[in-house]
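**Q** Quick one: the structure is below, and I'll ask about it shortly.
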Amino acid sequence: MKIAFIVWRFPILSEAFILNQITGLIDRGHEVHIHPVNGLPKGYTGKVHPVVEEYKLWERTYFPPVVPTNIVWRFLQGMGLLLKNIHQGSLKSLRFFTSHKYGKEVATLKTFYRIVALLQDGDYDIIHCQFGTLAPIALAYREAGIISGKLITTFRGIDISKYVQENGINVYDQLFREGEFFLANCQFFGDRAINLGCNPDKLVIHGSGLDCSKFTFKPRYFPVDGQVQIATTGRLVEKKGIEYAIRAVAKIAASYPNIEYKIIGDGELKGYLENLIKELNVAHIVKLLGWKQQKEIVEILNNTHIFIAPSVTAADGNQDAPVNTLKEAMAMGLPVISTRHGGIPELVEDGVSGFLVPERDMEAIACKLTYLIEHPQLWEKMGKAGRARVEEKYDMHKLNDELVAIYQQILQPELKIIPDESSKELTYI
């Protein structure tokens, strides 16, 4: 199959779940092209996930020309691209500006930049939008004949929470009418899509997978030196709730001076969190480590005893699915503390692989953290349960096989997905 992955930007370190699908499809012999409609990530420094180089993904990526920040130059260069590509059908894009049907992401000067790569090679079997927010662009371009193929859309979090809150409950009406198939990375978001009007017969829950073989299980025991290592991995943004974990650690710091809390990640709240750490007088315990490569993250987690993922619903409505960083920690045998938030309860079974607490409840996090520190005999049992859960539901290889089967069903409608309730997997007839 020839497959187009439509993404906002590429490559993004925090979106390893997309890379896992791309490399899985390549390993299975399929041709994958990557179309980042907004180009490279903002502030791109050249730091990429190792598989980008290993699989030569640059050669499969079709970047649009850089869009000038100056509006005049943007217009002039955009018109130049329009005229230069007339022989390839660039005039098809003019319809986006003559109808009220198209929204601001389609009827924009960026269109003349975005379509350049697609005009050269836009004929696909499958067009896979990796977030629902990308679907209006793909639908419009397909309608105009700029790109062709069966359209599949994955809902991953922000697109089915914040985006809907901002744009209204009818924002996906056209997509639900015209899209061939839909995936949601957890039942929580799948139910929300159905409530918004998605046909349940055209939607499958398909989690974000990881390669369990790259995350070696290690039983956790109380350290000989008494230094308990705690960690969190995630972007420094509101919905990750890291502020509440910092406050929880500060609350128990006097009682447990031999703890250290490492936070891996970067983001817009870095300055705020740095000030909070100073204000709480825990700079000797709480460390902001910045972004790390996966290999570096694994090394840190290998020497960690407890993992915290304190996700919250952001003020703008943004919510999380079962985040991959939490899966990675569980795969490595870490007992976890997380929140009753979004799709996370589908991953973490309270009292079995870790503990779930209410959102924004610093006291509850501190309580569970204290309990785990004082009951290290639970660590190994919880770690084993977490590893088993990840292997059962989120193994990348199983999920990539399932993704191929879903694509095949779209191309061959006589195939029908049958949920197997006993095994929680899918069969095809």
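Computed from the coordinates by the stated procedures, all read-outs in this text should not be read as laboratory data. Just so we're clear, the structure is a prediction, and the values are computed from it rather than from any experiment. Cβ sites come from the backbone with ideal geometry, for glycine too, and all protein chains shown count toward neighbours.
**Q** When Lys and Arg each count +1 and Asp and Glu each count -1, what net charge do the other residues less than 13 Å away from Lys292, Cβ to Cβ, add up to? Working shown, then result.
**A** Numbers: positive: Lys47, Arg235, Lys262, Lys287, Lys295; negative: Asp266, Glu296, Glu299, Glu328.
Local charge sum for Lys292: +1.
**Q** HN-Hα J couplings of segment 107-120 from phi, Karplus 6.51/-1.76/1.60, θ = phi - 60°, integer Hz, Gly and Pro as x?
**A** 7, 9, 4, 4, 4, 5, 8, 5, 7, 4, 5, 5, 5, 6
**Q** Sticking with this structure for a sec: Which pairs in the list Lys104/Lys327; Lys218/Lys239; Lys287/Lys381; Lys162/Lys381 are over 31 Å apart, alpha-carbon to alpha-carbon?
**A** Long pairs (Cα-Cα over 31 Å): Lys104/Lys327; Lys162/Lys381.
**Q** Now a separate question. What are the ³J(HN,Hα) values, in whole Hz, obtained from phi via the Karplus relation 6.51 cos²θ - 1.76 cosθ + 1.60 with θ = phi - 60°, for each residue of segment 354-359 in sequence order, with x given for Gly and Pro?
**A** My calculation for segment 354-359 gives x, 10, 10, 10, x, 4 Hz in order.
**Q** Under a 5 Å amide H to amide H cut-off, with H placed in plane at 1.01 Å, what residues pair with Ala309 once short-range neighbours are removed?
**A** Ile337, Ser338
**Q** Also, quick follow-up: Of the DSSP beta bridges with both residues in the chain, give the percent that are antiparallel, rounding to the nearest 5. Could you put the intermediate results ahead of the total?
**A** Details: 5 of 49 bridges.
Of those bridges, close to 10 percent are antiparallel.
**Q** Another one. For Pro64, what charge total do you get from the other residues with a beta carbon under 13 Å from its beta carbon, if Lys and Arg give +1 and Asp and Glu give -1? Intermediate values should be presented prior to the final figure.
**A** On the way: positive: Arg9, Arg74, Lys110, Arg114; negative: none.
Combined, the nearby Lys, Arg, Asp and Glu give +4.
**Q** Spelling out what I want: for every residue of segment 237-251, take phi, set θ = phi - 60°, compute 6.51 cos²θ - 1.76 cosθ + 1.60 (Karplus), and round to whole Hz; glycine and proline get x.
**A** 10, 4, 5, 7, x, 5, 3, 6, 5, 4, 5, 5, 4, 4, 5
**Q** Once you list every other residue whose beta carbon is under 15 Å from the beta carbon of Phe182, what net charge do they have if Lys and Arg are +1 and Asp and Glu are -1? Provide the component values of the computation, followed by the final result.
**A** Values: positive: Lys150, Arg156, Arg177, Arg192, Lys202; negative: Asp159, Asp173, Glu178, Glu180, Asp191, Asp201, Glu402.
Here the count lands on -2.
**Q** Follow-up. Amide H to amide H under 5 Å from Gly333: which residues, 5+ apart in sequence or cross-chain, H placed 1.01 Å off N in plane?
**A** Lys218, Arg387
**Q** Just one of (1) 20.2, 71; (2) 22.7, 73; (3) 21.8, 68 is Rg and Dmax of the Cα atoms in Å calculated from these coordinates, so which is it?
**A** The calculated read-out lines up with (2).
**Q** Let me see the pair-distance distribution of segment 212-392: every alpha carbon pair, 10 Å bin width, integer percents in order.
**A** Using 10 Å bins, I get a P(r) of 10, 42, 39, 8, 0 for segment 212-392.
**Q** How much length is gained if the chain between Ile300 and Glu105 is pulled fully straight, taking 0.36 nm per residue apart and subtracting their Cα-Cα distance, in nm to one decimal? List each step's numbers first, then the result.
**A** Numbers: separation 195, 0.36 × 195 = 70.20 nm, distance 4.00 nm.
Full-extension gain reported as 66.2 nm.
**Q** Additional query: What aspartates and glutamates does Lys368 reach when the alpha-carbon gap must be under 12 Å and sequence neighbours fewer than 8 apart in one chain are set aside?
**A** Correct list for Lys368: Asp350.
**Q** Also, quick follow-up: Taking the Cα centre of each part, how many Å lie between segment 218-276 and segment 310-357?
**A** Here the two parts' Cα centres lie 15 Å apart.
**Q** Something else now. Amide H neighbours of Gly343 under 5 Å, counting only residues 5+ apart in sequence or on other chains, H built in-plane at 1.01 Å?
**A** Asp320, Ala321
**Q** In the chain, which longest range has no GluC sites (Glu not before Pro) that are both DSSP loop (not H, G, I, E or B) and surrounded by at most 15 other Cβ atoms within 10 Å? Walk me through the numbers before you get to the answer.
**A** On the way: sites that count: Glu268, Glu349, Glu414, Glu421.
Maximal segment without exposed cleavage sites: 1-267.
**Q** Still on this structure, please answer the following. Looking only at Gly43, Gly226, Gly241, which one moves most when the chain is put into a Gaussian network model with springs between Cα atoms under 10 Å?
**A** Comparing Gly43, Gly226, Gly241 in the GNM, the peak value goes to Gly43.
**Q** Roughly how big is segment 212-392's charge dipole about its Cα centre, with Cβ charges of +1 (Lys, Arg) and -1 (Asp, Glu), in debye to the nearest 20?
**A** 340
**Q** To continue, here is another question. What's the center-to-center distance, using Cα atoms, between segment 70-128 and segment 133-184 in Å?
**A** Taking the Cα centre of each part, segment 70-128 and segment 133-184 sit 18 Å apart.
**Q** Positive end of the dipole of the chain, charges at C-beta (+1 Lys, Arg; -1 Asp, Glu), about the Cα centre: which of Gly149, Ile306, Trp73 has its Cα farthest in that direction?
**A** Farthest along the dipole direction, towards plus: Trp73.
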